[in-house]
Each structure stands twice: as C-alpha cells, then as structure tokens.
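Presented below is the structure to which this report refers.
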Amino acid sequence: MYYYSTNKQAAKATLEEAVIKGLASDKGLFMPETIKRLPDAFYHNIGEMTFQEMSFIVAEAFFGEDVEADILKEIVYDTLNFDTPLVHVHDNIYSLELFHGPTLAFKDVGGRFMARLLGHFIRKKGEKEVNVLVATSGDTGSAVANGFLGVPGIRVFVLYPKGKVSEIQEKQFTTLGQNITALEVDGTFDDCQSLVKEAFMDKELNKALLLTSANSINVARFLPQSFYYFYAYAQLARIEKNKDVVFCVPSGNFGNITAGLFAKRMGLPVKRFIAANNRNDIFLQYLITGKYEPRPSIPTIANAMDVGNPSNFARILDLYENSHEAICKEISGVSYTDDQIRETLSEVYKKYNYLLDPHGTCGYRALTEKLENGETGIFLETAHPAKFLETVEGVINTPVNIPDTLLKFMHGKKKSIEIPASFIPFKRLLLNTK
Ligand SMILES: *Cc1c(COP(=O)(O)O)cnc(C)c1O
C-alpha cells in the first residue's frame, strides 16, 4: 500500500520509505491510501478473540500488503506482551488502562511496534545500522528508548534538556545501556529539537550514518495505537455493554485520538469521540470557531498535553476532507484548568477509590459532563498516576504506590553524556561513536 502526504506535494511513499523517513519531503504527514473496512464477522466474533489475535487482524489491514504475515504476527505478538484492561469506574464510565507496558504509558504500544518494524526494514534493506535520534521533554524519550532497547541494528540517541525533566522520567532512558545513549544537553527542549533537525540536514553526517527519527507522527508509531480501541470495544462486547460507545481521549498532539478515528473508519462501532484538553485548547477552539489557530503552549499539570500546534490535526483534516461540519459530527471537545483537574482527581479517589493521573482525569471529567443517556463511555487512562508522583500525591495527600517496573528504573544508575547545545560537538560525537 502507498502512503501519500497530507500536503499532497511529495511523491507517494512505500511503507518502508514512510517508516524510515517519518515525515514526507513536503513536511506533510503520511496517510495510508486506503483504510480497509474489516468484515462484519470480525466484529461479531471480537468478544472471543485475544488482544493479540484481534490486533494481528487489524495490523494485516494496515501492513499486510507490505510485511509478510509471519513477520507481522511476530511483531504484533511481541509488541503486545502486556494487557490494556478495561476497568469499570462507576455507572457507565470505564477506564481503558494503557499503562501496563514498560514505561507505564500508552506510548509504549507505538514505540515498541515501530522499533520492531523499523528493525525489520533495516535488515531487509541490508543496512548494517540505523541511528534513531529523538529529542524529548520527558515522556517520548522513555517510550522510544524502551521500545528500541535491544533491537538489533538500531542505535538510539535520546537528547534531553539537562535539569528540565523529572527524575523518574530521566531514569527511564538514562539507565538502560545497551543500544541506548542518553545525551544530556545543556539547554532547553527546543535546543534538543534543533540539534536533531540540524543533524538531518547535515550532508556529511547523512553520508556517514543512516539517520532516522522516531517521533509520534511516524505511521509505525501512530497506526498501532488503533489496536487498543478494538480491544476496549471487545471487552465491552463481552459484558454486552457495547451499544452507543463513546471514546474520550486526553489529547496533546492528537495521535492517539486519530488512531481511534481510523478504527471507526475500519468499521469499529463507535458512536462518537471526545477530545479532552487541558488549557491548551486549540482543537476545542477550532470546533467552536472553525478556525485553526496554533499558539505557544502553556505549562499545565497534565504536561504531556501541553501542545500548541497538534501535529496530527493535519491527519484529522485529511480524514474528513477539511469539513468542519463532518469533524464536529464525530468529535467534540472540552478543556480543563489545573484546578479543575486537581478537583476531579481528588473527588474520584475519595468517592470511587480510583486513582487517576492528571491526563486521564481530563478524559474522565469530560465523560461525566458530556455523556448522554444510554451511552457507555470509555476514557483512555494514558499513563500510570505514579509517573506524576508529586502532583498526584499533592492532590490526594496520600503516598502513591509505585509499581515495580518504575521502582526498577529509579534504582538504576544514571548514565549520560553531557553536551553543549551546539551542533559541532554533537556531530563529532555521532561520527566518533560509529
Ligand atoms: C503523549 C500523551 C498524551 C497525548 O497523546 P497525543 O497522542 O499526543 O494526543 C496524553 N497523555 C499522556 C500521559 C501522554 O504521554
């Protein structure tokens, strides 16, 4: 299957090209030429399938023309070696817990899948080694690093701003070793991003090394996020609550929710979607006014959603052929302040003994306000509350249980290479570690 660019200027790409390049040459995002509808029988039987079984069928619809079945199956089964259970919170509200992977956040699914698919293409091309450069303000670095950990033929360089990520976040990508190198940049997140961008433009460097990025716009990270929408639906089907299903997705770059929109296009019976935002409500404003006006992000306690120009908005526009009306029919929006997030997080803990993280809290609250009679709501609990320890403990005034996976990172020894925020030393380092 071919992939076209949302900017429609670049030539169509194969899956292999789209995965290795990430972004199209006209700076657009890659979109699959067709989104295949899955047969009715699939939806009739969905309640009887395992997460891995149904995800393999979904993966075949996306990637089956380009990846041999046995290899694709291995990639899917290997990626999804953890569960994403649906938990009943109260009444008709369910939490889809996407935090049971290695870094306790939903980005693990896409990170792990992409690592395996990219590894496959690198071996197929006969390339000895590919270098993945990733700039992170915290969470992306850990999901990518852990996804790629130990994958043969891939080296990962994580660039992060010194002193500007939390200790837990830092430990999740500086303690791994093996094929993961953490670069502690004396600068800001923007400096890290500039270094990565400059590396991709440097002729000499690109001649010497095969470089690629692993950001969330990559189709191999983005599309697999649709798997858990099917699985969530299947879990509702098992208890016969799968009528008028509403998904509510805490959103930043809008990759997660867009994967859900793809699932609906494939025939998953979802009634509608709600995009939950913190105060960075560019999408909500678009729904209200019809105008898309990016602006600088503002910091909030749900910081993985502090995005002022959601990159996947281009995919949503493309999916609905730029129709504001069509978008408003299927997606609505909400926006919450930090105070509202704290209030709801505390209330749910006290009343239902369920501990939310600040991102999932936005999703939960939107369902309490927007769900209509007869609808069943699922919000995506995008990260484990212990990942935002200080915020969450500050709100509930009780120590939070830290899962073993997180404790293991915290006990690990940090290893990083300090570099200044300038290109020459960074380039020299990449060339020398060859
Ligand atoms: C990345 C992230 C989000 C936002 O997801 P998008 O796909 O960027 O919309 C929400 N919550 C958490 C915890 C995240 O890490």
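The values are calculated or read from the model by the stated rules, or taken from the named source; none is laboratory data. Treat the numbers as computed from the prediction; the structure is a model and nothing was measured. Cβ coordinates were reconstructed from backbone atoms using ideal geometry, including for glycine residues, and neighbour counts include every protein chain displayed. Areas reflect the complete protein model, heavy atoms only, side chains present, ligands, DNA and RNA absent. Shrake-Rupley method; radii C 1.70, N 1.55, O 1.52, S 1.80 Å.
See the values below:
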| item | result |
| --- | --- |
| Subset of segment 232-256 that is in contact with a Leu (Cβ under 8 Å, 6 or more places away or on another chain) and not aliphatic (A, V, I, L, M) - its residue that is farthest from the ligand (Cβ to nearest atom) | Asn242 |
| Subset tally (residues that are farther than 16 Å from Lys271 by Cα and open to solvent by less than 20 Å² (accessible area, probe 1.4 Å)) for segment 232-251 | 2 |
| The one condition in (1) among the aliphatic types (A, V, I, L, M); (2) out of contact with any Lys or Arg (no Cβ under 8 Å at 6 or more places or on another chain); (3) under 28 Å from Gly101 (Cα atoms) that Ala11 fails to fulfil | (3) |
| Matching residues in segment 345-363 - criterion: being open to solvent by 10 Å² or more (accessible area, probe 1.4 Å) and not acidic (Asp, Glu) | Ser346, Tyr349, Lys350, Lys351, Tyr352, Asn353, Tyr354, Leu355 |
| Within segment 58-97, considering residues that are farther than 30 Å from Tyr2 by Cβ and part of a loop (DSSP other than H, G, I, E, B), the one farthest from the chain's Cα centre (by Cα) | Asp91 |
| Search result, residues across segment 148-169 that are at negative phi, of a type outside the set (Ser, Thr, Tyr) and in contact with a strand residue (DSSP E or B) (Cβ under 7 Å, 6 or more places away or on another chain) | Phe148, Leu149, Ile154, Arg155, Val156, Phe157, Val158, Leu159, Pro161, Lys162 |
| Residues being touching a strand residue (DSSP E or B) at 6+ places or on another chain (Cβ under 6 Å) and in contact (Cβ under 8 Å) with a residue 60 or more places away in the chain - total across segment 283-318 | 3 |
| Single match in Thr14, Thr79 (criterion: among the hydroxyl-bearing types (Ser, Thr, Tyr), open to solvent by less than 70 Å² (accessible area, probe 1.4 Å), touching a residue at least 12 places away in the same chain (Cβ under 8 Å) and under 23 Å from Phe106 (Cα atoms)) | Thr79 |
| Residue among Met1, Met54 that alone is hydrophobic (A, V, I, L, M, F, W, C) and open to solvent by 10 Å² or more (accessible area, probe 1.4 Å) | Met1 |
| In segment 351-393, the residues that are within 21 Å of Pro269 (Cα to Cα) and either hydrophobic (A, V, I, L, M, F, W, C) or within 12 Å of the ligand (Cβ to nearest atom) (or both) | Gly363, Ala366, Leu367, Leu371, Ile378, Phe379, Leu380, Glu381 |
| Looking only at segment 154-173, and only at residues there that are touching an Asp or Glu at 6+ places or on another chain (Cβ under 8 Å) and at pLDDT 90 or above, the one that is farthest from Ile217 (Cα to Cα) | Lys162 |
| Every residue from segment 257-296 that is within 14 Å of the ligand (Cβ to nearest atom), open to solvent by 10 Å² or more (accessible area, probe 1.4 Å) and either closer than 21 Å to Met31 by Cβ or not in a loop (DSSP other than H, G, I, E, B) (or both) | Leu284 |
| The lone exception for Ser213 - which of (1) among the polar types (S, T, N, Q); (2) out of contact with any helix residue (DSSP H, G or I) (no Cβ under 6 Å at 6 or more places or on another chain); (3) open to solvent by less than 10 Å² (accessible area, probe 1.4 Å) it fails | (3) |
| Of residues in segment 364-381 being of a type in the set (A, V, I, L, M) and closer than 19 Å to Phe106 by Cα, the one surrounded by the fewest Cβ atoms within 10 Å (Cβ to Cβ) | Ile378 |
| Criterion: more than 22 Å from Leu98 (Cβ to Cβ), modelled with pLDDT of 95 or more and not hydrophobic (A, V, I, L, M, F, W, C) - qualifying residue of Thr361, Thr344, Thr368, Thr337 | Thr337 |
| Identity of the residue in segment 301-318, at pLDDT 95 or above and surrounded by fewer than 20 Cβ atoms within 10 Å (Cβ to Cβ), that ends up nearest to Ala386 (Cα to Cα) | Leu317 |
| Qualifying residue in segment 170-193 (condition: open to solvent by less than 20 Å² (accessible area, probe 1.4 Å), under 22 Å from the mean Cα position of the chain (by Cα) and within 16 Å of the ligand (Cβ to nearest atom)) | yes |
| One residue from Ile298, Ile217 being touching a Leu at 6+ places or on another chain (Cβ under 8 Å), β-branched (Val, Ile, Thr) and at pLDDT below 95 | Ile217 |
| Pick from segment 130-163, criterion in a loop (DSSP other than H, G, I, E, B), in contact (Cβ under 8 Å) with a residue 12 or more places away in the chain and more than 21 Å from Leu209 (Cα to Cα), ranking: farthest from the ligand (Cβ to nearest atom) | Lys162 |
| Qualifying residue in segment 98-106 (condition: surrounded by 21 or more Cβ atoms within 10 Å (Cβ to Cβ), closer than 19 Å to Gln225 by Cα, within 18 Å of the chain's Cα centre (by Cα) and away from the ligand (no atom under 16 Å from the Cβ)) | no |
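So that you can scan it fast, the table gives a plain yes or no per residue for (1) of a type in the set (Gly, Ala, Ser); (2) out of contact with any Pro (no Cβ under 7 Å at 6 or more places or on another chain):
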{"residue": "Asp83", "(1), (2)": "no, yes"}
{"residue": "His88", "(1), (2)": "no, yes"}
{"residue": "Phe99", "(1), (2)": "no, yes"}
{"residue": "Asp108", "(1), (2)": "no, no"}
{"residue": "Gly111", "(1), (2)": "yes, yes"}
{"residue": "Ala115", "(1), (2)": "yes, yes"}
{"residue": "Arg123", "(1), (2)": "no, yes"}
{"residue": "Glu127", "(1), (2)": "no, yes"}
{"residue": "Val130", "(1), (2)": "no, yes"}
